[in-house]
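Just so it is clear, none of the values below were taken in a lab; they were calculated from the coordinates. Note that the coordinates shown come from a computational prediction; the quantities given were computed from them, not determined experimentally. All Cβ positions, even for glycine, are placed from backbone atoms using ideal geometry, and neighbour counts span all protein chains on display.
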Amino acid sequence: DGGITQSPKYLFRKEGQNVTLSCEQNLNHDAMYWYRQDPGQGLRLIYYSQIVNDFQKGDIAEGYSVSREKKESFPLTVTSAQKNPTAFYLCASSSTSTGAGYEQYFGPGTRLTVT
Amino acid sequence: GQQVMQIPQYQHVQEGEDFTTYCNSSTTLSNIQWYKQRPGGHPVFLIQLVKSGEVKKQKRLTFQFGEAKKNSSLHITATQTTDVGTYFCAGRQGGYQKVTFGIGTKLQVIP
């Protein structure tokens, strides 16, 4: 069963703690993305990676970090420096092959609550 | 940077009425994608438009890409309760891998 998995679905943390959200895909996609979704703000890009061991900042990277050590995995760490970490986090992947549609496949998301 | 504006942000329609959401980019796009997110769910890809003036249909859904490749629309004919959700456009600029999402249009269908 191919797709993207994110775990856990709900995550609760105390302020000041770092937390890592997992994202795994078995679609053999080169590109992976992390988005943050807040009510009324759509999807905002945090980080993206087009290839293993390489990633770029998106529009709202401050307070976040990522790694891409394996093609299948793109974990996101929400650090204590992120001022408003409570949000719905979505991971996505897409093919980078010439002629591919480049459509993004999304995981089910992780809803992070920091108190 | 690239901006993608989407209107309206919310739309309530009676079941059977038509619905349209519009997307405008500040820059020329290489392509535009449309996604649907059901309440409590994640975005799901609907379609991609690449050519200037392109029109594509999926049953009751009609997607258009403007001649200047800076705007797009999604029109739903005779809405049904299954159409409820938020519809996002996402524009790609040049050869960049990332896309910029619009804010989304949340559609409510009143039975």
query: Considering only the other residues whose Cβ falls under 15 Å of the Cβ of residue B:65, what net charge follows from Lys and Arg at +1 and Asp and Glu at -1?
result: +4
query: If Lys and Arg each add +1 and Asp and Glu each add -1, what is the summed charge of the other residues whose beta carbon sits under 10 Å from the beta carbon of residue B:46?
result: +1
task: Evaluate the charge dipole of chain A about its Cα centre and quote only its size in Debye, nearest 20, assuming +1 on the Cβ of each Lys and Arg and -1 on the Cβ of each Asp and Glu.
output: 380 debye
- prompt: DSSP loop GluC sites (Glu not before Pro) in region A:15-66 with at most 14 other Cβ atoms within 10 Å of their Cβ, which ones?
  reply: A:15, A:62
message: For region B:57-109, which chymotrypsin sites (Phe, Trp or Tyr not before Pro) pass both filters: DSSP loop (anything but H, G, I, E, B) and at most 13 other C-beta atoms within 10 Å?
response: B:96
Semi-axes of the equivalent ellipsoid for region A:1-51, Cα gyration tensor, largest first, Å: 22, 16, 12
message: Within 10 Å of each candidate Cβ there may be at most 14 other Cβ atoms; applying that plus a DSSP loop requirement, which trypsin sites (Lys or Arg not before Pro) in region B:1-70 survive?
response: B:51, B:59, B:60
field: Centre separation in Å (Cα based) which lies between region A:16-83 and region B:49-80
entry: 31 Å
message: With every atom except the alpha carbons ignored, what do you get for Rg and Dmax of the protein assembly as shown, in angstroms?
response: 17.5, 51
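Quick one: net charge around residue A:46, please, counting Lys, Arg +1 and Asp, Glu -1 for every other residue with C-beta under 10 Å from its C-beta.
With Lys, Arg at +1 and Asp, Glu at -1, the neighbours total +1.
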query: So how strong a dipole does region B:25-111 carry about its Cα centre when Lys and Arg Cβ are +1 and Asp and Glu Cβ are -1, to the nearest 20 debye?
result: 120 debye
